[in-house]
Amino acid sequence: MPTLIESIIDYEPDQLDMLAEQWGIQQDLDPGKLAARQIAVRLLDRELFNEVLQALPDKAYQALLRLARSGGRQPIDQFQRVFGELREMGAARRGKVRPDRSPASITEKLYYSGFIARAFLRGEGQAQEYIYLPEEF
């Protein structure tokens, strides 16, 4: 599975801001340094991780358990069928809709909290889009 930093390194600045806000670490970030690296390091803090994990709604926690039991990844269409859609949106729409604050589904809640990511991964001979848990999680 890709690592946490590999999962967020290409996030747009607004997505990184949303992620930092979800974990309550925005004040810890140094604007002169690469935000993705700083966020990845902070998210690996065991105490902070457990605190944010325990604050998740039960259905979100169950979704994470399901992913963990399936080897840490699941085809995106299967995951979305059970836990809801991850809406496609650019920075302008994210700024208006704020899916990190008002997620439309469990999938969005977990995605904008950084617990899950999406990528094309090789599976059964061909690349397919998956929802996955970053390696460290």
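Looking only at region 1-15, residues that are within 22 Å of Glu129 (Cα to Cα), assigned to a helix (DSSP H, G or I) and in contact with a helix residue (DSSP H, G or I) (Cβ under 6 Å, 6 or more places away or on another chain) come to 3 in all.
Only residues that are in contact with an Asp or Glu (Cβ under 6 Å, 6 or more places away or on another chain) and open to solvent by 30 Å² or more (accessible area, probe 1.4 Å) were counted across region 88-99, and they come to 1. Among the residues making up region 25-47, those that are part of a helix (DSSP H, G or I) and either loosely packed, with under 15 Cβ neighbours inside 10 Å or among the β-branched types (Val, Ile, Thr) (or both) are Gln27, Asp28, Arg37, Ile39, Val41, Arg46, Glu47.
Look at Ala20 and say whether it is touching a residue at least 24 places away in the same chain (Cβ under 8 Å), part of a helix (DSSP H, G or I), closer than 21 Å to Glu108 by Cβ and open to solvent by less than 30 Å² (accessible area, probe 1.4 Å). No; evaluated as a whole, the condition is false for this residue.
Taking the criterion of being touching a residue at least 60 places away in the same chain (Cβ under 8 Å), within 16 Å of the chain's Cα centre (by Cα) and either open to solvent by 20 Å² or more (accessible area, probe 1.4 Å) or under 20 Å from Ala20 (Cβ atoms) (or both), would at least one residue in region 68-85 satisfy it? Quick ask: steps written out before the conclusion?
First pass over region 68-85, keeping only residues touching a residue at least 60 places away in the same chain (Cβ under 8 Å): 68, 72-73.
Add one more test, that the residue is within 16 Å of the chain's Cα centre (by Cα), and what stays is 68, 72-73.
The next check asks that each one be either open to solvent by 20 Å² or more (accessible area, probe 1.4 Å) or under 20 Å from Ala20 (Cβ atoms) (or both); those that pass are 68, 73.
Looking through region 68-85, at least one residue is touching a residue at least 60 places away in the same chain (Cβ under 8 Å), within 16 Å of the chain's Cα centre (by Cα) and either open to solvent by 20 Å² or more (accessible area, probe 1.4 Å) or under 20 Å from Ala20 (Cβ atoms) (or both).
For region 119-137, filtered to residues that are charged (D, E, K, R) and under 12 Å from Met1 (Cβ atoms), the residue that is surrounded by the fewest Cβ atoms within 10 Å (Cβ to Cβ) is Arg122.
Here are some residues: Ser113, Ser102. Which one is of a type in the set (S, T, N, Q), out of contact with any His (no Cβ under 6 Å at 6 or more places or on another chain), closer than 22 Å to Asp14 by Cβ and open to solvent by 30 Å² or more (accessible area, probe 1.4 Å)? Result of the check over Ser113, Ser102: Ser102.
The values are calculated or read from the model by the stated rules, or taken from the named source; none is laboratory data. Since this is a predicted model, take the numbers as computed values, not measurements. In this analysis, Cβ positions are derived from the backbone assuming ideal geometry, glycine residues included, and neighbour counts consider all displayed protein chains. Heavy atoms of the whole protein, side chains included, go into the accessibility calculation; ligands, DNA and RNA do not. Shrake-Rupley method; radii C 1.70, N 1.55, O 1.52, S 1.80 Å.
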